[in-house]
Structures are given as structure tokens and as C-alpha cells.
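A quick write-up on the structure given underneath.
What follows is calculated from the coordinates using simple rules that are stated; it is not laboratory data. Because the structure is predicted, anything quoted here is derived from the model rather than measured. Backbone-built Cβ (ideal geometry, glycine too); neighbour counts: all protein chains shown.
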Amino acid sequence: MEPKTPSQNNWFMIFWRAIRVPFLAILMSLVVGAVILIISGANPITAYVALFKGAFGNANYLKRTLEKTTPLVFSGLAVAFAFKAGLFNIGAQGQLLLGAIVSGFLGFAIKGLPPIIHIPLALIGGCVAGALYGAIPGLLRAYSGAHEVITSIMLNYIAINITDYLSDGPWKDVSGTNVIARLPMIENSAKIPYIGPVPVGFLIAILIAVVVWYILEKTNFGFEINSVGLNSHASRYAGMKTKLLITSAMVVGGLLAGFGGSVETLGVVGRFQPGFNVGIGFDGITVALLGRSSPFGVILSSLLLGALKGGANVMQFDAKVPHEIIDVIQGLMLFFVTADLVVRKFFRLKKDRGLEVHVAAGWGQK
Amino acid sequence: MTAAQSTLTVHQLRRPRWMVPAILTVVAIAIAIISYLLNPSVTEAVLGATIRFAVPLILGALCGIYCERAGIVNIGIEGQMLMAAFTAYMTNSWTGSLPLALLVGALTGALLGLFLAYISVALKLNQTIGGTVINILAVGITGFFYQVNTVTKGKFAPIPLGPLADIPLIGPVLFNNPPITYLTFLLVIITQIVFFHTRWGLRTRAVGEHPRAADTLGINVFKTRYVSTMIGGALAGLGGAFLTLEGVGLFERNMTNGRGFIALAVMIFGKWNPIGSMLAALLFGFTNAIQTQLQFMGINVPHQFIGMIPYALTIIVVSGFVGRSRPPAAEGTPYEKE
Amino acid sequence: MEYSPVTPVLETKDITKTFPGTLANNKVSIHLNKGEVLALLGENGAGKTTLMNIIYGLYDADSGEFKLNGQPYKIRNPHDAIAAGIGMVHQHFMLVPVFSVVENIMLGAEVVNGPFLDKSRAREEIMALSDRYGLAVDPDAIVEDLPVGVQQRVEILKALFRDVKILILDEPTAVLTPQETNELFQIMHNLTESGVSIVFITHKLKEVLEIADRIVIMRRGEVVGETDPKQVTEHDLANLMVGRDVNLVVDKETAQPKDIKYEVKDLVVKDLLKGVVVDHVSFQVRAGEVLGIAGVQGNGQTELAEAITGLRKHDGGEVWIDGILMPQANPRALVEHGMAHIPEDRHKHGLILQYPLTDNFVLCSYYKEPYSSHGVRNEKAILDTSNELIKRFDVRTPSAFVQAGDLSGGNQQKVIVARELSREVKVVIANQPTRGLDVGSIEYIHKTLIRLRDEGVAVLVISSELDEIMAITDRIAVMYRGMIVDTVAAASTTREELGLLMAGSKH
């Protein structure tokens, strides 16, 4: 490999090389999205303008954008961390739900605590729930070879059943005339505050992303996780405990997803209600892939997706475009960013190293 | 005599593959007969529901078999089913023609199969991610284009097969079914014959086990994978069309609800074998049918717990608690010529 | 051997092929006469397999032409090659493991009855060929259950089933005992007698002199010579292969073995599919000696190596280093007690190709001071050590940050050797240490292993290359079907004796 010339090596070029494929992928999906809008009879320009206004137009809109971004950062990290170990944490959705319901429970069931204790307590409860739930596919993958994609998808559905049952049964909100299946509101002492339009949960998310970056880049644990993801055979040769690492990666992923669900419950929604948080786990996949599994990439792509979601309501109202177009654009972004070859061929770029995602093929039971 | 000549074969651990499923099938039939003698109408209802639940699973598993036996891992079966359910439903609503709607559904699945094949073979993308893209796109597109008040004139009606339909127990259950159901069981038999007794089947299986060997013998690995994945897609499309044209009769957002993934477990349980998958699908269908029946009978278990059974069963199967299984050796890996 | 020198049955003219970064074939022109055995000789990486893959239609040449029986011919894919009567037995067999012998042989040229396969008719045809050429097989056996020698017969039958006229054999003897090699030569004789022409690719000098009618030598993608085996010596051939004067013998003094440093007692390894693959193996290695484990691939060496290096659980027996019993399946414990392991598959076990050299150099020591403290990595210490090792072991690379996957095979092996041998080691386990390497790297590795021996390390070399075993070991243990058949002194044994042991005969 020849060393690059000075002009190829400055800070901006390094940044651009890392970011250009996702950036161009996003561009291409917006274009294709516009085409779909035209087909369905809408005006893409007014739609996108309304979208942008809805995302950043004023303090209220900005607050909503940041609220949408926060859980995406967590779920993106949950998926990205697992990717580093070569695992596909599609189960972030289920882990997130359990984290949300446990923190929601601790939020209303415990009374008389000061916020400085109640909030961390409820958050930790949610993290533990998510971590335990992530351990299941992790252990199964490590010790029986069961591919975590199927087991976690199944666990997602099981999580929906469990939380539905709890919301309609033992933990149901029976105050007043309520018949909806949901938990009671959390105590005021469990609510995560805001600083102006910025939810504190968002700040926590950024902090956690930095911590994850540090772990992956600078610690032995991170080195081992990366190694297992790239070559589990050589990692075993090197003496690393690969089964433990695989399980740990899923536990950490579950913890992060659970954290995200808890922050959402305690900071934005104020109670656990089935039907909220639907799809955040899968959005995490898009965010992780767009962000190339790097924590800072995750922050940026969460902001992007959060802005899209935040602005969607205004777009629906102003330009009369159904908000599901966001789902379509999201699917397209996912396609374009992972189909490196399409984007590269189109823009005649050369192959990037080191930023690919390595996920196991096949079902692992060989 | 040298060592090489003295040992022409080393047969050690090959057990006959049919023992366990055969035993289980005999046991199941015995239970069915006993239960019929005790309570005919409930038994018929449960068995009928079993088949109704099993059909999309069988079709999904067959899709998986066509794809994976050729070497393509397809976790987008869910998305293929959902899209096909949607397009079949919309076609039915616009044209009123059920056969046309069925065709459209199958075509939708085949097109998505082409898409997956393109992603996997030409772009050499990670197939798991490719399948996920299909799933996410399907949810987005069907959600975006579906209008809530669409109506259709109806769905496929059962077609009794003459005097066969009058036989007690098996008559109404097996011989009085709507067309897609009959087609499904026919396809199981056809697939079994095709894969294990025809030239096409031998070559396709070779491509899934050792593509380079097939390549050196003049077999076109890429074309084989495209064809097989598209056929598989058409079958998944059939499964989706079943839901809106025969099973449920209407479309709902996300109506497939995990069936595409359960179909993968069915395929693994059935050891990538059409008949095995059919039996596994019937088992899963049965657990689903029991759930509804128990509710009718007023048994006091929260329905969510029964609802979890198929998913929990899938996890158990896939984790190898019912025996290890070997997938096609080359699946999931893009084939490189050099 | 009669052959017609008038019209060659196959001719290539100026075949050129480049891969990114390498000129694999540079204007290669050769010809093959009817009924002859042409040996294509060259070291690893010389371009022989590339040329044959082009002839067989697997690769496209950038430029150049073919002539078959004097007529120009285009070969665009294996289909064309098969139609022209060309058949190839690859170095790594192209057999579908889960299919039977019959299914493998007829794949692509199926015998059909209407739309259905006609396995019984196919079986008859195959058994007829098998009898005619002396290639005994069980048609309904599943290929993955068969020993390697039998699998090779299936490959040859595959070619015969398609009426092969030109048969290419790529390194066929790599997986055979000397006796099986003689049988193969007999089969080749039968084939040429019936008019088949054979191209025999190898890097083994002795075989070439024994079986070939004509020898073409390739080096770095070019044809550098063509000779008559009756008029050259091994030494001449070696020089042509490498391009300089080669010392075929490794300089070494007699070993001075001391106390026992490494012991394996009664080791048993079972495999889910194959049954018992390592069957109560015991041996000892002393400080200052090299013990070789010889044997044809597939007799349990791989599983033995995995078990003693902690990559695999064993089902019985013990491993002792310097008098201390080692725990099971724990590579780190073995390393901590003084084991160095040069693995058989450097891409699978030895390196993480996507990592830079720095991370690969500390792959086994990253968790220790000074490379990390309290779980946090110390990148400067890692870089310093890497640069030092690059210098000391002469690894050819522009920087320590190059990805391991970008290095040549020889340099990759050097990185592994540097990493393993820069520690204080008591025993070195080298598994197929020179597989796939060029002669220069092979010499380097051999010299290094001898040097370690002389410094008092116990060296265990597992190798299926008989020449390597005879050149660098002091004692040789031969493995057959998972057992050690016998252990002999290297200085006093012969190839014939080893060959017999490798085939299972005892004294």
C-alpha cells in the first residue's frame, strides 16, 4: 500500500473518506424518495422543505428532534457494539421494551425517593433488564451456535407478549376510569428533566457514546471484541475467551438498548405504554449501518434520522404526505449504504478499508 | 494390499434420517384418532386450524429451501410475504379476480427474490443485511401505500374433492380446502422430487454445497442462484397471497407478524427438506391452533403466554435442543470466481 | 513411451495473465504431445496453477492463444474445456462432501431417464471405468467419509467419465504416501498407454525425474527451461526453479538433547463425524532436539495439533510442559508456560488479516505490561516493539501499520515467527511451517528452527512434506490413522522405511 500524498492526508480528506459513502447513500435515497413522492402525487420540494422546518424550525421542533434522536443513539450503539463482535443484534427492540417497562415500573411503584436516587435506580433497573434479555441470544450463540438473528427476532415477539401481558394485567394502570392497557404515570421524582429545549437524556446519550468509543478503541476489552468480530479462530489462538466475549457483546448491546428504552420512558413519555417505541430497535440497525458501526457515526446518523422523524409530522400536516415515506427513505438509506458497490460504482470511488461490517453468514450450527 | 485399497469406505456415524420424524408422525396420527373419537367437532376444528396456520409456514419454508439449498440465506421471507400479501390484496380489490391476484402475489415474491439474488450474487452484499433491507422496505412501502378502507369482494372458497370429502375426520380436514392449500401440499411433493431426483436438483444442491466444484464442471453458479432464489420468492409470495386471499381475507399493517422468520425455523427443523419442513410446519400450526381452542374452552391462561409458544419453540429448535443439523455448506458466502 | 512429435495435442502461445499486483503468467508458451507425461515444475507462486486454470477455462487469459491438435481453439469456461477433452484434478479436491461417489462423478454430465436421474445406469458405467483403469471405489459411499487417496481416484474417474484426452494433475502427490504415489504413477502409465496425455504439476524434484517424459520449469510466471529428465539432476532442476544456486541440504550439527521439556501422554481426540481421530498418542521432546511428526494429511495431525495447542478439547490424555500439567483447551495457559505455536493455517489462526502488523505482533501479549495497564492499551509500547521485531526478523513492509493481509505469504509467516519466537519459549510447535512459501522463506524458517534447537528449545515439527521432515528433524514419529506407528532416528532412516510406516505397516 503506497503512502498517500500530503494533500490526501489532511484532516478534511480523512473525514471525507470516512463519511462519503453514507453521505452519498443518503443523497441517493432522498432522490429516490422524491421520485416515489412524485409517483404518489405529492410535491417533493414542499415535502422536504416542510420536513426541514419541522425538524429545526423553532425551539419546540428542535426539542422534538432531540427527543427522537436520543433513543436512536442508544439503540444504534446497541446494534453497533454487537456488530463489532460480528453479531447482528436485531433483538435491540425487545431489549429496549423490557428496559422501558422495568424502568417504567420502578418509576411509579417506588414512592418517596428524591430524584437523585430515583432516576438512577430506575435507569439501572432498565439497564439490567435489557442486559439480561440480551444475554439470552448471546449465550445461545456462544454455546450452541444458534444464529442470534432468529433467536433475537423471536425474543422480540416474546418481549411484546410479556409487556402486553404486564400492561394489561398485574401492572395495569387502574386509576380513575382508565381502561387502556398501560402502566401508571411515573412519579415526578423519576422524571428526567430538560435544559431548555435539550432533554438531559440526549446529553446522557452523547456521554454514553463517548464511553463506548473509548472502550472499543483504547481498552483490552474493546480489542478483544474487535478481534472476535474479525476472526474468532485467531482470537481463540490468541487465548481470548471467545464464548464469553460473544455473550458479553450481546449483554452490552442489551444494556445499551435497555438504557435507551428507560431514558425514553423516564424522559419523554412518562409511562410505559405498548405501542410506543415501536420500531426504535430496527431504526437502530439503520443508524448503526449508516454510522459504519462507529460511535460518532452513530451520533450523526441518529441526528439525521431523528430530524426526519421529528419533521415528519409537520410534513404530513403542511404538505399532506403520509409519514410512512420516512420508513421508505430509511429502507433506501439502509440499502444504499450497505450496497457499497452501487454507491462506489456510481461515484467512481475506490475501496475503503476497515469500515466494513463483518456479520456471520449462515446459521452457525455447522 | 495397501491402506488405500483396504479401506474403500469409512461408514461410522450415519443414522437413517427418517427414524425420528416417522415415529413422531405415527404418534401424532394415533393421538388425532383418539381425540376424534372423544370429541369430533373440536378435533376437526383444531386440525383445520392447524392446516390453515401451517400453509404460509410451509410455503415460507419451501422458499427458504430453494434459496438456501442454492447457497443464498434469505431472512427477507417476512418482507416478501408482506409485500405479496399487499399486492395480492390490492389486485383483488381493483380487479375482483382472485386468480389474477394470486398471480400478482407470486410475481411480487419472485421480483423481491430477484432483488435478493442481485444483492447477494452481483453486489455480494452480506445476505443477512440484504434480507433485513427487504423487510424494512416492505414495512415502509406497504404502510405508505395502504389505505385503510379498501374492500374486496371476498376470498377463495373451499373446494370439496368429491366423495373424498365425506370420509370422517380426514375428509373435511384434508379434502375440503381452498385451492392455495391444495397447491401447497402439491408443491411439497414436487419440491422433494425435483431436488433429489432430477438433474436440476442435483446441480442446484451442488451449487449450495460446493460452488467451486460445480463451477469446474461447467455449471453456472450465478444463474443457478438467481433462478432458485426467484422460485423461492414466488413461493413466499404465494404464502403472502394466501394470507389475504384465502386465510384471513383482509390486509393489515405488519400482518405477517413473524411468520417469515418462523418459516426459517420450520426449514431448519425440517433439515432443509420439503417433507420434513411440512411436518415441522404442521407442528407449529398445531401449537397455534391449540391457542385459539384453549381460549374458546375458557382455559384461564393469559392468551399472551400461549401466543408466545411458536416463538419459544422456534428458539428451542434453532438452538439445537432437538438435534444438530447441517445447513448447505456454502450458504451465506458470495461466490468469487477468482 | 511412444509419442508423436508431429502435432502436439495441446499448445499454448504467449499466454499472459495479470492479477492486481502480480504478473502471474508472462507470455507462457508450452506444448503437450500425445500420450506423454509433461511435468510442470516450479516453486509455490511460479504460476503453474494459474496457467492450468486458464487452460481449463476457470480464468480468462489477458492475451494468448490455444491450439488443440493443431487447430486454434477458444476456451472461455470449463464447459469448453470439458468439450475439448480436457480434465483437471485440482490440488484441493472439487468434490461435494455430502454427495455420494456416483453423484459427484455424474454432476454436470448426468445420466438421465426422461426428466429423472438414472443412478443405476450411471453406477454401471462408473464401475466399468473403475475396473478398466484399476481405480477401486465404492460408488454409494459418501465422499466425505472416504480417505484422501480414494477421493483422488474419484476425481480421476470424474475426468474419465467425460472421455478425457488431456488430464491435468495439480500437485496430486501432496496427499499420498510414497506407496500410494507409486500406485498413482502406475495408473498414469495405464492412462498414457490408452492415449491420454497428462500434465503433471509439482514442486517435488524426485517425482519429476521418476515419472516425466519431459519437464518444463516455470519461475515467477515465465517458462525458464525445458529438459529431458534423463539428462538432468535434482540440483540442476532446483537451480532452474529458484534462479540461483540452491543448497538442498540444511546445514546443521548433531543435536545435543538434554532433559525432557515437553510430553504428551495417551492423548485421545474424538470427532462428531469421524469418530476417534487421535488414538492414545504419546511422545516426548527434549530440550535441544527436533521431533518431527510425519504422515499423510488426514491421519489426525490437524486434530492432534489443535488439541496440544489448546484450540480444541481432548477426550483423554495429558500435556506436560517442563514437568507441569497443562489445563485443557486453554491457549493462554500454554503460552504462559512457554509454548510457541506456529499454526498450520496462518490466515485462520495465526493472524488477524484486517489488523495492522502492530496488533498482530501483540496478539498473544496485549494484556500484559507494558502493552497495557489496568485494561487500557499502551499504543506507544506496542509500536516500539513492532518496529523492533520488523527489523530483527527482516519483515519486508513499508510500515508497522500495514494490514497483515497485504503482506506476502512469506512475510506473513515471518510476522508470526517473530511474534512467537521473541518470547522466552521452552517448546515450539511448528505445524506445516513452510506450506505455500517460496524457497527463500523456506530456508529462513528451517534455519530459524535449527537455531532454536541449538539454543536449547524443544522443537516439534508437524509436516506432511517428507523432504522437510528428513532435512530438519532429529527423530521422526510417524502418524497413521490417529496413532504413532513408530518413532525412528532421522539420520538412519530412509524414505522407503518412512513410506511404509506412513502407510501403516510396522516393522
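When the alpha carbon gyration tensor of the protein assembly as shown is reduced to an equivalent ellipsoid, the three semi-axes, largest first, read 55, 38, 30 Å. The 3J(HN,Hα) values that the Karplus relation (6.51, -1.76, 1.60; θ = phi - 60°) gives for segment A:240-254 are, in residue order, 6, 8, 5, 5, 5, 5, 4, 4, 4, 4, 6, 5, 4, x, x Hz. Gly and Pro appear as x.
Cβ crowding within 10 Å, taken as a proxy for footprinting-reagent exposure, orders B:Glu68, C:Glu193, C:Glu222 from fewest neighbours to most as C:Glu193, C:Glu222, B:Glu68. If you find the alpha carbon centre of segment B:52-118 and of segment C:254-304, how far apart are they in angstrom? Each part's Cα centre sits 55 Å from the other's. Using C-alpha pairs below 8 Å separated by at least 6 residues, the relative contact order for chain A is 35 percent. Taking a point 7 angstrom from the Cα of C:Asp14 along the C-beta vector, which residues in segment C:25-63 have backbone N less than 20 Å away? It comes to C:25-32, C:51-52, C:54-55, C:60-63, nothing else. A crude spin-label estimate for the pair B:Ile193 and C:Glu496, with each label 7 Å from Cα along the Cβ direction, gives 6.2 nm. Averaged over peptide A:198-211, the number of partner chain Cβ atoms lying within 10 Å of each residue's Cβ comes to 0. With the simple model of a label 7 Å out from the Cα in the direction of the Cβ, C:Asn182 to C:Asp271 spans 2.8 nm.
If you take the square roots of the eigenvalues of the alpha-carbon gyration tensor of chain C and sort them as a ≥ b ≥ c, do you get rounded (a/c under 1.5), prolate (a/b over b/c) or oblate?
Note, shape of chain C comes out prolate.
Distance between the C-alpha centres of segment B:168-219 and segment C:406-436: 50 Å, rounded to the whole angstrom. Quick check on chain B: take the gyration tensor over C-alpha atoms, sort the square-rooted eigenvalues as a ≥ b ≥ c, and tell me if it's rounded (a/c under 1.5), prolate or oblate. It comes out oblate by the Cα gyration axes. Over the residues of chain B, the helix contribution to mean residue ellipticity at 222 nm works out to -21500 deg cm²/dmol, using -39500 (n - 2.57) for each DSSP H run of at least 4.
For segment C:10-242, the square roots of the Cα gyration tensor eigenvalues, ordered a ≥ b ≥ c, give a/c of at least 1.5 with a/b greater than b/c, which places it in the prolate category.
Per-residue packing, averaged as other Cβ atoms within 10 Å, sorts the ranges A:70-79, B:186-195 into the order A:70-79, B:186-195, beginning with the highest.
Taking the number of Cβ atoms within 10 Å of each Cβ as an exposure proxy, the fewest-first ranking of A:Arg141, A:Arg64 is A:Arg64, A:Arg141. Distance in nm between label sites at B:Ala312 and A:Ile206, each 7 Å beyond Cα in the beta-carbon direction? Going by the 7 Å Cα→Cβ label model, 4.5 nm.
Rounded to 0.05, the FRET efficiency of the A:Arg17 and A:Lys53 pair, given R0 = 45 Å and the Cβ-Cβ distance, is 0.90. Each residue of segment B:142-152 was assigned a 3J(HN,Hα) from its phi angle through the Karplus curve 6.51 cos²θ - 1.76 cosθ + 1.60 (θ = phi - 60°); the sequence is 5, x, 5, 8, 7, 9, 4, 9, 5, 10, 10 Hz, with glycine and proline shown as x.
The amide H of C:Leu107, built 1.01 Å from its N in the peptide plane, has no neighbour under 5 Å, considering only residues 5 or more places off or on other chains.
Among A:Leu106, A:Leu155, A:Leu244, the residue with the largest mean-square fluctuation in a Gaussian network model of chain A, with springs joining Cα atoms closer than 10 Å, is A:Leu244. Identify which of B:Asn257, B:Asn149, B:Asn126 has the largest mean-square fluctuation in a Gaussian network model of chain B, with springs joining Cα atoms closer than 10 Å. Checking each option, the largest mean-square fluctuation is seen for B:Asn149.
Remark: segment A:13-27, residue by residue, has Karplus-estimated 3J(HN,Hα) of 5, 4, 4, 5, 4, 6, 9, 5, 5, x, 4, 5, 4, 4, 4 Hz, where x stands for each Gly or Pro and the curve is 6.51 cos²θ - 1.76 cosθ + 1.60 at θ = phi - 60°. Taking amide H positions as modeled 1.01 Å from N, with prolines and chain starts lacking one, the residues under 5 Å from B:Ile159 and 5 or more places away or on another chain are B:Asn177.
Averaged over the residues of peptide B:129-135, the number of Cβ atoms from other protein chains lying within 10 Å of each residue's Cβ is 6.
If R0 is 25 Å, what FRET efficiency do you get for B:Thr95 and B:Asn254 from their C-beta distance, rounded to 0.05? Don't jump to the answer; show the numbers that get you there.
Numbers: r = 25 Å, r/R0 = 1.00.
Efficiency computed from Cβ-Cβ geometry: 0.50.
Using just its DSSP H runs of length 4 or more, each adding -39500 (n - 2.57), chain C gives a mean residue ellipticity at 222 nm of -9000 deg cm²/dmol after division by all residues.
Expressed in units of 2.2 N^0.38 Å, where N is the residue count, the Cα radius of gyration of segment A:30-347 is 1.02.
Could you please rank A:Ser175, A:Ser144, A:Ser152, placing first whichever residue has the fewest other Cβ atoms within 10 Å of its Cβ? Exposure proxy ranking, most exposed first: A:Ser175, A:Ser144, A:Ser152.
Packing order of peptides A:162-168, B:239-245, A:26-32, highest average first: B:239-245, A:162-168, A:26-32 (average count of other Cβ atoms within 10 Å over each peptide's residues). Peptide C:131-142 is shielded by partner chain Cβ atoms: per residue, an average of 2 of them sit within 10 Å of its Cβ. For chain B, modelled as a GNM whose springs connect Cα atoms under 10 angstrom apart, the maximal fluctuation among B:Gln127, B:Gln293, B:Gln80 occurs at B:Gln293.
A simple packing score, the average count of other Cβ atoms within 10 Å per residue, orders the peptides C:55-62, C:385-392 as C:55-62, C:385-392, with the highest score first.
Measuring between their Cα centroids, segment C:333-381 and segment C:61-114 lie 44 Å from each other. Determine, from the Cβ-Cβ distance of B:Gln147 and C:Glu144 and an R0 of 41 Å, the FRET efficiency 1/(1 + (r/R0)^6), rounded to the nearest 0.05. Given R0 = 41 Å and the Cβ-Cβ separation, E is 0.15.
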